[in-house]
Structures are given as C-alpha cells and as structure tokens.
Amino acid sequence: MSFLGLGGSPNVSSQAKIQAAEAELDMVTGMFNQLVDICHKKCIGTSYNASDLDKNESLCVDRCVAKYFDTNLKVGDSMQKVGQNGAFGVNR
Amino acid sequence: MSFLGLGGSPNVSSQAKIQAAEAELDMVTGMFNQLVDICHKKCIGTSYNASDLDKNESLCVDRCVAKYFDTNLKVGDSMQKVGQNGAFGVNR
Amino acid sequence: MSFLGLGGSPNVSSQAKIQAAEAELDMVTGMFNQLVDICHKKCIGTSYNASDLDKNESLCVDRCVAKYFDTNLKVGDSMQKVGQNGAFGVNR
Amino acid sequence: MDALNAKEQQEFQKLVEQKQMKDFMRLYSDLVSKCFTDCVNDFTSNKLTSKEEGCINKCAEKFLKHSERVGQRFQEQNQLMMQQLRR
Amino acid sequence: MDALNAKEQQEFQKLVEQKQMKDFMRLYSDLVSKCFTDCVNDFTSNKLTSKEEGCINKCAEKFLKHSERVGQRFQEQNQLMMQQLRR
Amino acid sequence: MDALNAKEQQEFQKLVEQKQMKDFMRLYSDLVSKCFTDCVNDFTSNKLTSKEEGCINKCAEKFLKHSERVGQRFQEQNQLMMQQLRR
C-alpha cells in the first residue's frame, strides 16, 4: 500500500506490515460479526421461550455458517468478473 | 490493558489513560446514538403531520429511555452469568 | 478545531489541515455509501431475474440520487433552523 | 478509571472535539437517510414534490426535538445510575 | 502477508487487545439493542414488566450461546478454507 | 478548507489509499451480506442450491452495476452543487 515503504526505512516498513495485519484482523472480525447477526436473523426465533438453542436452531446455524462461506466465494468470483473494468464509483 | 504500561514510563501510561477515557466516551456516545434510533422506532410515527412531538410520543420517549437503561443492567447480569466461561467465539 | 494549531508550529497546523481533509473525504464517502444502500432499497427488486439493471430500475436510480441531494439540502435548512438553539443532547 | 492530569485533559479535549465533529456529521447523514426513507417514495420525476418537502421538514425538525428529549432523559438516567453506584 | 518480527508482534498484540475491548463493548450494546427491540414493547409504564424481564434474560443468554456456536463453526470453516488454499 | 501543500498532499494520499482498502473490504462484505440475505433461505442442507447460486451471481453483478451508476450520478450532482456554490 505504501510505495515509500518498499525498501525504505525499517520503521515505515514495520508500520505498513502492522497495518496490513490490522486490515486482515478487521476483515475477519467484521465477517464474524456479520455472520452472528445474519444467522441470528435467519435461524433464531424472537419469541424466546427458552435460553438454549433448540435442535432446529442449532442445525440451522451450522448450515447458515457453511452457506455464508460459500456465498463469500461466489461473490468474490463475481467481483473479479465485473470489478476489474472499474465499477467502484466514487473513489477515483 | 497495556501490561507494559503499568509502572512504566509516564508517557505510555498517559496514552493508556487517554485511551481508556476515549473508550468510555465512545461507549456513552454509542449508547446515546442507539437510544435515539431505537426510541424513534418505538415511539415516533412516520406520517409526520406535525414537527412537534405530541403528548403520547413524549411520554413514550421518556419511558423508552428508562426501560432501555433497565434492559442494559439486565443484559449485564446475563453476560456475567454466561460470559465468564468464554462464549465470545472468534477472539481467542 | 485545534486551538493550539492556530498560528502554532507548521507541524501541528499540517495535522489539522489533513484532519479536515480526512473529515471531508469521510463525509463524501459516507454519503456515497448511504446512497448506494438506500437507492438499492428504493429501486432494485430482490428477485434477481437478470444481472443488468432494467430501464425502470435505471431511471429510478437516477432520480433517487437527484432527490437525495435535494433532501440533503432541505435537511440542512431544517438543522440550521432548529439546531442553533442547542438540540444535540449528550455532547455538552 | 484514573483521573487525567491537566496535560492529559487537554489532549483528551482535542480528541473530544474531533469526535463531536464526526458525531455531528453522522447525525446529519442519519437524518437525511431517515427522512429520505420515510418521505420520498415517488420516482416518476427527479424533483421533490411539495408534499415530500413538507414531510422532510417535519421529519427533520421532529427528529431533532426527539434527539434533544432523549438527551435530557439520558443525562437524568445517567445521574441516577451514578448515585446508585456511589451508595 | 509478510510475517511480523518479535517487536512488531508485540505492537500488534497491543492493537489486538484494544480492538477486543471495542469488540466486547460492541457486542454488549448490540445485545442490549436486539433484546430491547424484541422484548420491550409496552410503554404504558417506565418499569420493565416481569414478562419483559424474562424475555430479556432468555434473549441475552440465547444470543451468547448462538454467538459461541457461530464462533466454533467459523473457526472450522476458516481452517477448511486454509487447507484448500494450501493445496 | 485550506489547500494542502505538496508534503501534506503526499501524506493525505497515503491516508486515501488506506481508506480505499477499507472501503473495498466494506463493499465486499456488504455485498456478501446483502446477497446472502436475499438469496439464501433454505437451511435443510449445508450446500448452496443451484437456484441460490444463480441468484447470488445476479445479485452481486447487479449490485456492482447499480453502485457504478450511483457513482456516475453522484459525481454529476456534486459538480452541479459546486457550480451553484461558486455563483
């Protein structure tokens, strides 16, 4: 990301590496938070008769996570297909 | 939060104190923003016949805030009960 | 924003200028993201029979963006009217 | 939380000012988004109708008054909570 | 991504701890918001009814258990993905 | 806003690049979330059905085209606003 950092002082390079690690952490955490939210909406009822997940809810959550990962890959494919000829509006 | 900071240089310790103050500010601000949003949904109609809150809306907002604070305490109790045996998924 | 920065060292002043530029960038980017989201909800159906926008959807998107800009101005007027006598709750 | 000394206070104050700026912008854009969602539903033209304009004005004013009222109650509840913690 | 050296690791670790704090606060406030939305709908009084209290408790516990389960599956899927990438 | 000098421009440019990275990741995850919400509703198996796959592909492509169109109109409206402010 930082052109100046390439082959530059070890200090700048460290900063760039830590920023990349931070970006990766943010992405994983963000995906996890989204998953919690979205699978709650898809699988957990809002009547709250019990504080445990019942069997249907548990199964649904497991499948929800698996299907979300697959969806993630599929969307990645689509973005590569469309995205490379510059479809990201404002930032250019 | 910063183990190195404990008893360390005054500089690091200052940073840690300011970070803690910032975290507290963020929490209070975040809670206020959520409250504005959620009590608007619960209490304010979307037909917009008038620009003032009517009597029912005002009363509803007052009770909404009070009940939200109580809910906050109740959720805190539940989290202590469940949370201590490590139920926070990804960050470990 | 930074009182110390006014007439202060060139370093602090640079920081303040960059922060102001960052705030402006964040505002524009935030508005764009909101627009993408809101005009998708208003104009794009969720049945996904095709991967192209049809004529109605395209027209709707164009008008949605124009009307959003007008709404932005109208809300600015209202905020000036109400906002100056201090209606922003928690931060004071 | 440890109390901040004078220098730390000053630094924190700068941070608070930055955040208030961001908060204000966030409030503004939330307001636009909410009133647009609730008031604008006719996309047969690219001009706001007078009915939509009226709705947006009331929506914005009402939201700000709502936000002010929530702020008052919020401070009261906060003080109440602090008093209970001190006992 | 390049591997971090020991000093960078240490700095990154501090960052992670800060983020965990923020994450926890976010989880907490999301939980309050969700359970309030789902459980509290009676604004004829400013006290929670016992029915609302029961609902909030179950909602919070269930959300945490749900979150834990998602975390387990998430880690499994992540490992699976890593294995596939390595092939 | 004061104009930035060359050195400040350079620093700001670095910031912009960082933000673009974050923006891109945000767009990506919003897209996954939206298309998952709209297209995946069958949890009797842990594999996507072919109908769901088709829906996801169209949803993603359409969202990107939508986003591009909004970007074009956004820039036009921005320029229009700037012209009006200058008068």
- Note on the structure: Conditions (1) in a loop (DSSP other than H, G, I, E, B); (2) modelled with pLDDT of 90 or more -> E:L4 fails only (2)
- Note on the structure: Within region B:37-50, residues more than 26 Å from the chain's Cα centre (by Cα) and surrounded by 18 or more Cβ atoms within 10 Å (Cβ to Cβ) come out as B:Y48
- Note on the structure: Within region C:44-67, residues assigned to a helix (DSSP H, G or I), of a type outside the set (A, V, I, L, M) and facing another protein chain (nearest Cβ under 7 Å) come out as C:S58, C:C60, C:D62, C:R63, C:C64, C:K67
- Note on the structure: Of the conditions (1) within 27 Å of B:V75 (Cα to Cα); (2) more than 12 Å from the chain's Cα centre (by Cα), the single one that E:K14 does not satisfy is (1)
- Query: Do we find that E:K34 is over 20 Å from B:C43 (Cα atoms), part of a helix (DSSP H, G or I) and not small (G, A, S) in this structure?
  - Reply: no
- Query: Is it true that some residue in region B:16-25 is surrounded by 15 or more Cβ atoms within 10 Å (Cβ to Cβ), assigned to a helix (DSSP H, G or I) and touching a Gly at 6+ places or on another chain (Cβ under 6 Å)?
  - Reply: yes
- Task: Evaluate region C:4-20: report whether one residue or more is small (G, A, S) and at pLDDT 85 or above.
- Result: no
- Is at least one residue of region D:41-50 over 18 Å from B:Q34 (Cβ atoms) and touching a Ser or Thr at 6+ places or on another chain (Cβ under 9 Å)? yes
- Could you list, in sequence order, all residues of region E:39-56 that are surrounded by fewer than 17 Cβ atoms within 10 Å (Cβ to Cβ) and more than 15 Å from B:N72 (Cβ to Cβ)? E:N41, E:D42, E:T44, E:S45, E:T49, E:S50, E:K51, E:G54
- Task: For region E:17-36, name all the residues that are more than 12 Å from the chain's Cα centre (by Cα), aromatic (F, W, Y) and surrounded by fewer than 19 Cβ atoms within 10 Å (Cβ to Cβ).
- Result: none
- Residues being within 9 Å of chain C (Cβ to nearest Cβ) and in contact with a helix residue (DSSP H, G or I) (Cβ under 8 Å, 6 or more places away or on another chain) - total across region D:64-77: 7
- Item | Any hit, region C:28-39, residues being modelled with pLDDT of 90 or more, among the aromatic types (F, W, Y) and outside any loop (DSSP other than H, G, I, E, B) | yes
- Message: Being within 25 Å of F:E52 (Cα to Cα) and more than 7 Å from every other protein chain (Cβ to nearest Cβ) is the filter here; which residues of region C:28-41 pass it?
- Response: C:D37, C:K41
- Item | Single match in E:C55, E:C59, E:C39, E:C35 (criterion: facing chain B (nearest Cβ under 7 Å) and modelled with pLDDT of 95 or more) | E:C35
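The values are calculated or read from the model by the stated rules, or taken from the named source; none is laboratory data. Computed from a predicted structure; not experimentally measured. Counting neighbours? That spans all protein chains shown, and the Cβs are built from the backbone with ideal geometry, glycine included.
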